[in-house]
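Worksheet for the structure shown next.
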Amino acid sequence: MEIKRELLLNRLMVLRHNKMIKVVTGMRRCGKSYLLFNLFSDALEAEGVDEQHIIKINLEDRRNKALRDPDKLLEYIDSRLQDDKMHYILLDEVQLVSEFEDVLNSYLQVENADVYVTGSNARFLSKDVITEFRGRGFEVRVHPLSFQELRGAFQEEPIEQLWVKYMTFGGLPQVVTMTSDKERVAYLKSLFKHTYLKDIKERYDIKLDSDLEELIRTLASTVGGLTNPRKLADTFHTVKKSTISQDTIKVYIDYLQDAFIIERALRYDIKGKRYIDTPSKFYFEDLGLRNALLNFRQVEKTHLMENAIYNELRSRGMAVDVGEVIWNTKDEEGKKIRKTLEVDFVCNQGYKRLYIQSAFSIPDDEKREQELQSLKRIDDSFQKIVIVGDHSPRYQNEDGIMFMDVYDFLMDKGSME
């Protein structure tokens, strides 16, 4: 089975020959190498590019260990530039090369070299590295399979059944091609321990890793909840009897973000138009990995749907924050009080902004009013949307708030227009 990943492939094809280094990033096993070495390479050949002009180097392959030396890598690539025609240089896991910035910069002025690299560590796209690229680095972010991509591969399966499977086992390409739940569970557990956790431990030389493992599981169990390093440290001290400091927790969280395992969503005061640094929410890049961390015990559909919506918004290129609205009202005794109402997601993309509430179920008018309270108190003209987990028709209420079900949202990339 081959899942084409047409949106990502089309983006790479459009970016060809733009005089920039195309940096393909994302978590391990999300399909970066396949996108570059198979889908993109095949598309180039289909357009008539000679395979000799496509230079593929997997730097994670032990047989290419010598090429992790920057000078040897330069020498090898130069030897492959055989004529004046355009050559496509595809480097997988380029962060394994020392001084890789110099290597990449060496090809910025080569007229017949078009460079594409992958990496699984966000730090190699830091401001310092982008500076080294002299403004010539262009990031293409790869996420695990979207639900729409999964649906395209399994059109015969009932969409409700596929949605449950997606929330349970996520969208890592190798997982979705497996034929049994037992196989998926075993693979995801092994992947966490022997790939993601091992990578972090080795990269940052972490000797005592029990606190790191426990932190990841704690974050997995609190998806959709506000937290910060201080609160997490207090939990470790009182419940887990650990002496880990909040500074160490902050560092560990940074490591998890660098490995693309989690993402942090900041709080944004909508009326005050300012960011609130802490507490924040953390979402997992892949739901299957999140569930595997908890032995598939805490599979709450409410939180998983919220995480899936966040991931979909990010895959569409949106900046996503957690919104809050301050509401001045009165209590039952007539005393003035201030309430803080939450908007699940404040989404920005260029000049466009959206406010989104995730509501797995709206069984009655009381629940509906609860979901609408914050949205109704935002006094700007940007689109406000409630995404529900049940099948329901799309409609707009008298307050201009759009209601749609999660299937419409996930399957229609233009659903929020």
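Going by a ≥ b ≥ c, the root eigenvalues of the Cα gyration tensor, does region 301-390 fall in the rounded group (a/c under 1.5), the prolate group (a/b larger than b/c) or the oblate group? Write out the running numbers ahead of the final one.
Details: a/c = 2.42, a/b = 1.45, b/c = 1.67.
Because a/c hits 1.5 or more and a/b fails to exceed b/c, region 301-390 counts as oblate.
Accessible surface of VAL239 in the full protein assembly, 1.4 angstrom probe, to the nearest 10 Å²?
Around 100 Å² of this residue is reachable by solvent.
Hey, what angle do you get for helix 229-238 against the long axis of the chain, alpha-carbon based, 0 to 90 degrees rounded to 10?
Value to nearest ten degrees: 70.
Provide the gained length on full extension for the span ALA186 to HIS391, in nm with one decimal, where the gain is 0.36 nm per separating residue minus the Cα-Cα distance. Display every interim value, and only then the final one.
Numbers: separation 205, 0.36 × 205 = 73.80 nm, distance 3.22 nm.
In short, 70.6 nm is gained.
Order TRP163, TRP327 by their accessible area, 1.4 angstrom probe, all chains in place, largest first.
On the way: TRP163 10, TRP327 55 Å².
Greatest to least solvent exposure: TRP327, TRP163.
Once the Cβ-Cβ distance between GLN174 and LYS271 is put in as r, and R0 is 30 Å, what FRET efficiency do you end up with, to the nearest 0.05?
Numbers: r = 45 Å, r/R0 = 1.51.
Efficiency for this residue pair is about 0.10.
Just the number, please: carbon plus sulfur as a percent of the accessible area of the chain, 1.4 Å probe, no ligands or DNA/RNA counted. Let's see the in-between values first.
Numbers: 9410 of 20190 Å².
Here it works out to 47 percent.
Return the long-range amide H neighbours of ILE262 (sequence gap of 5 or more, or a different chain), with a cut-off of under 5 Å between placed amide H atoms.
Long-range HN contacts for ILE262: GLN257, GLU285.
Could you sort out which of LYS352/LYS376; LYS182/LYS301; LYS301/LYS352 sit more than 26 Å apart by Cα distance in this structure? Walk me through the numbers on the way to the answer.
Working: LYS352/LYS376 19 Å; LYS182/LYS301 21 Å; LYS301/LYS352 29 Å.
Pairs exceeding 26 Å: LYS301/LYS352.
With axes computed from alpha carbons, what is the tilt in degrees of helix 210-221 against the longest principal axis of the chain, rounded to the nearest 10 within 0 to 90?
Taking Cα atoms only, the helix is inclined about 50 degrees.
If I build a Gaussian network model for the chain, linking alpha-carbon pairs within less than 10 angstrom, which residue out of ARG136, ARG274, ARG16 has the largest mean-square fluctuation?
ARG274
Suppose the chain between LEU81 and LYS330 were pulled fully straight at 0.36 nm per residue; how much longer would it get relative to their current alpha carbon spacing?
The LEU81-LYS330 span can extend by a further 82.3 nm.
Which distance in nm do the two modelled labels at ASP247 and LEU7 give, with both placed 7 Å along the Cα-to-Cβ direction?
Rounded to a tenth, the inter-label distance reads 4.2 nm.
Which of rounded, prolate or oblate describes region 45-183 when judged by the alpha-carbon gyration tensor and an a/c cut-off of 1.5? Mind dumping the intermediate values first?
Numbers: a/c = 2.33, a/b = 1.95, b/c = 1.20.
Prolate, since a/c reaches 1.5 and a/b exceeds b/c.
Residue-wise, which Karplus ³J(HN,Hα) couplings in Hz belong to region 402-407, taking 6.51 cos²θ - 1.76 cosθ + 1.60, θ = phi - 60°, and x for glycine or proline?
Per residue, the Karplus-derived 3J(HN,Hα) values read 8, 10, 8, 8, 5, 5 Hz.
Students sometimes get this wrong: rank ILE54, ILE326 by accessible area, probe 1.4 Å, all chains present, largest first. Before the final figure, lay out each step's value.
Numbers: ILE54 10, ILE326 35 Å².
Ranking ILE54, ILE326 by accessible area, largest first, yields ILE326, ILE54.
Compute the helix-to-body angle for 70-80: its Cα long axis versus the longest principal axis of the chain, expressed 0 to 90° and rounded to tens.
That works out to roughly 70 degrees.
If I take every Cα pair under 8 Å that is 6 or more residues apart in the chain, average their sequence separation and divide by the length, what percent do I get for the relative contact order? Don't skip to the end; give the middle numbers.
On the way: 637 pairs, mean separation 50.9, N = 417.
Relative contact order, the chain: 12 percent.
Can you match percent of Cα pairs over 41 Å apart to one of these, (1) 15; (2) 21; (3) 24, based on a calculation from the structure here?
(2)
The values are calculated or read from the model by the stated rules, or taken from the named source; none is laboratory data. Everything quoted here is computed from the prediction, not taken from an experiment. Positions of Cβ are generated from backbone atoms using ideal geometry, with glycine treated the same way; all protein chains shown enter the neighbour counts. Surface accessibility is based on the protein's heavy atoms, side chains included, excluding ligands, DNA and RNA. Shrake-Rupley method; radii C 1.70, N 1.55, O 1.52, S 1.80 Å.
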